[in-house]
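Here the structure is laid out as structure tokens; the discussion comes afterwards.
The values are calculated or read from the model by the stated rules, or taken from the named source; none is laboratory data. Note that the structure is predicted; figures quoted are calculated from it, not measured. All Cβ positions, even for glycine, are placed from backbone atoms using ideal geometry, and neighbour counts span all protein chains on display. These area figures cover heavy atoms from the full protein model, side chains too; ligands, DNA and RNA do not enter into them. Shrake-Rupley method; radii C 1.70, N 1.55, O 1.52, S 1.80 Å.
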Amino acid sequence: MTNNLPFTITKNDTFFDLLGDYIGDVFYDILPEKGYELRDEQIYMAFQVEQAFKNKGIVFAEAGVGTGKTFVYLIYAILYARYMGKPAIVSCSDETLIEQLVKEDGDIQKLEQALGLKVDVRLAKAREQYVCIKKLDELSNTSDDLDILAVHDQLPDFIFDEGISMNSFTRYGDRKEYPWVTNEKWSQLAWDPLQQCSTCSWRHRCGQTLNRDYYRHAGDLIICSHDFYMEHVWTKDSRKREGQMPLLPEASTVIFDEGHLLEFAAQKGLTYRFNSHTLATVLTGYMHQDVREESLYLIEDIIELHDSWFDLLVENATAVEGSNRKEVAMHPSIRKTAETLEKKVSELMDQLVFDAEMFLIDEYHLKIMEEYLEFFAYGLSIFLKNEEGIFWLEENEVQSSLVIMPRLVEDILKKEVFSQNIPFVFSSATLSQAGNFHYIAKSLGIEKYSSFTVASPFDYAEQMDVKIHVQDDECIKWIKIGEDLRTTNGSTLVLFSSIQEMERFRIWSNDQKWDFAILFEGDREISETVKDFQNVTSTVLCSYSLWEGLDVPGEPLIQVIVASLPFPPHDPVFQAKRKQAENPAAEIDIPYMLLRLRQGIGRLIRNSQDYGTVHLWLTKAQEEKFMGEIREVLPAANIH
């Protein structure tokens, strides 16, 4: 791959010597000649990052908005990937940031044009971003929903024609290909953790499979989300045991953009998810084998206990605003049922060994049941140990899922991720706490690292105004927000702390008359919604998740309204964090809120020509408690 480098390595040169010279040419000469501003902050960052690549180390690169940090890590990642002959992985906070990187006139395209490079970049999206043919085909036979049927009609012919050669298969099924489908409808036809992909008859014609085969052969960059990267980490060994390839190929380096969000993605990835129907499905398959009567009675007991257990979980679950996780109180009956279930599952695992020795069960079914029962038993053990796991319930129209998550993941990350002898780069405007990187390093199991902070070059005092509003009455708040929307005739991002809060605003706004369009997150595929917002100046975008990753410079965005302070929800995950803290407000709630607030405010000023106003809404109690800390993180001097 070294023949694709923009310089030639001879026996008298080293890669890093030539790379350093080239980087200097890029930032001092090539980019300025293409109209890019010469930034001292960017050059400083570049040479700091180079040390991490040279030493195969870990670096926390905290760089403010406008420092050009994305260009820096992309250039190093691309050239290092070509030198090593393995792709670099760029892991982003979510699918929105992924699209920002690869969109038309995005950072990668700009870099290609400026440096005369052709970058082989491919997206590895989360599995939920692909249509599930099994679900969609079944749904199309019963649904009269035109949006869902339109997705089915758009499927390529080779899916249903078994006579077509695999050489003619093309990629399909990406969420982005069906922008008209709402998030709610998409969940009905997208892949979900219940799908048994390894035994699915559609497997080799599946859009997810075809897309995976495509991105696996990337020459330069594979871009994925933190969630997907962590899913790869946690599943790579089990996939190998099952004869499947890991979700991602071996990488030359890994870049974590918005790296401050990696810990939560790691916790989320290492979850044990028990779906209310799965155990019965697995054990029913066992009952169809020629097994002993003793085993059959034990299976019937387990299925009955399992159903009772889920009934108790559902009865004791409480919804939490701002989260899809329902809190479940550990009622004595829930614990007792789980303990009995754990004992009987252990007995069944012993019976499996006996049945297998008597050749009463075929090897294929034996493997499926052993793996699931081991998974189930280990998850139950975490559930029953008070201090080891966090658990919650998720529900949809079809079934319930109990999700169990370990409290601490640093030991696993240290072993499975950061023990690799490759460079790791964490990039974000918000990695440290008051300049200290110890907290994030410790939470990720990182002991040895380098770090630096580069401030934003923007003149916030000149470019940004911040207006503080105090109001306890939500209806009055909506009216005042409406007045601010009309003042700018749209061109506004409204950030909500939860989907429920956004929906309350939607209900109010539906009764008003507007001279501009109001877009709501979830009504269409998110990158299409962002594109509509960016391309039509007089538009309002309402969102509950775009606190980071959104990059809309210029007139389309001259006003950001923070409808409420973005405190973490009181769901089981954050409640567990609070229980472990000596001072939950100071250690959990306030740092989270301030970090998210900084990210949200950062959506407004994206270049040196941008200008605008941030409106920040607080309650009276919040003003009294938090105003001093909020003022410390606000970048603008003009606060009203």
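Miscellaneous remarks
- Bridge type composition, the chain - antiparallel percent by DSSP, nearest 5: 25
- Kirkwood hydrodynamic radius over Cα pairs of region 122-167, then Stokes diffusion coefficient at 20 °C and 1.002 mPa s, in µm²/s: 174
- Reach of LYS34 by Cα under 15 Å, taken over aspartates and glutamates that are not fewer than 8 positions away in the same chain: ASP25, ASP105, ASP107, GLU112
- Each of PHE310, GLN599, VAL425 was scored by the projection of its Cα onto the charge dipole of the chain, and the greatest displacement toward the positive side belongs to VAL425; charges sit on the C-beta of Lys, Arg, Asp and Glu.
- Accessible surface, the chain, averaged per residue in Å² (probe 1.4 Å): 45
- Placing +1 on the Cβ of every Lys and Arg and -1 on the Cβ of every Asp and Glu, with no other charges, gives region 546-640 a dipole of roughly 120 debye about its Cα centre.
- Bridging of LYS415 to lysines at a Cα separation below 17 Å is possible for LYS56, LYS236, LYS442, LYS448, once same-chain residues fewer than 8 apart are set aside.
- When you count the other C-beta atoms within 10 angstrom of each residue and take the mean per peptide, 333-341, 264-272 line up highest first as 264-272, 333-341.
- In summary, the aspartates and glutamates within cross-link reach of LYS326, defined as a Cα separation below 12 angstrom excluding same-chain residues under 8 places away, comprise GLU315, GLU394, GLU395, ASP571.
- Prolate/oblate/rounded call for region 164-301, Cα gyration tensor, a/c under 1.5 rounded: prolate
- Computed P(r) (all Cα pairs; region 464-568; 5 Å bins; percent): 2, 12, 25, 27, 22, 10, 2
- Selection from LEU123, GLN609, ILE412, by position along the positive dipole direction of the chain (Cβ): GLN609
- Restricting region 566-640 to GluC sites (Glu not before Pro) that sit in a DSSP loop and have at most 13 other Cβ atoms within 10 Å of their own Cβ leaves GLU582.
- With one equal scatterer per alpha carbon and no solvent term, the Debye-computed log10 I(q)/I(0) for region 22-92 at 0.17, 0.21, 0.22 1/Å reads -0.65, -0.97, -1.05.
- Shown for region 100-211: lysine pairs separated by 8 or more places, or found on different chains, whose C-alpha atoms are under 27 Å apart, numbering 17.
- Semi-axes of the equivalent ellipsoid of the chain are 42, 32, 26 Å, computed as sqrt(5λ) over the eigenvalues of the C-alpha gyration tensor in descending order.
- Estimated FRET transfer efficiency (GLU474, THR340; beta-carbon r; R0 56 Å; 0.05): 0.75
- Ranked by how many other beta carbons lie within 10 Å on average, peptides 306-317, 533-544 from highest: 533-544, 306-317
- Scoring 101-112, 67-78 by mean Cβ neighbours within 10 Å over their residues and listing the highest first yields 67-78, 101-112.
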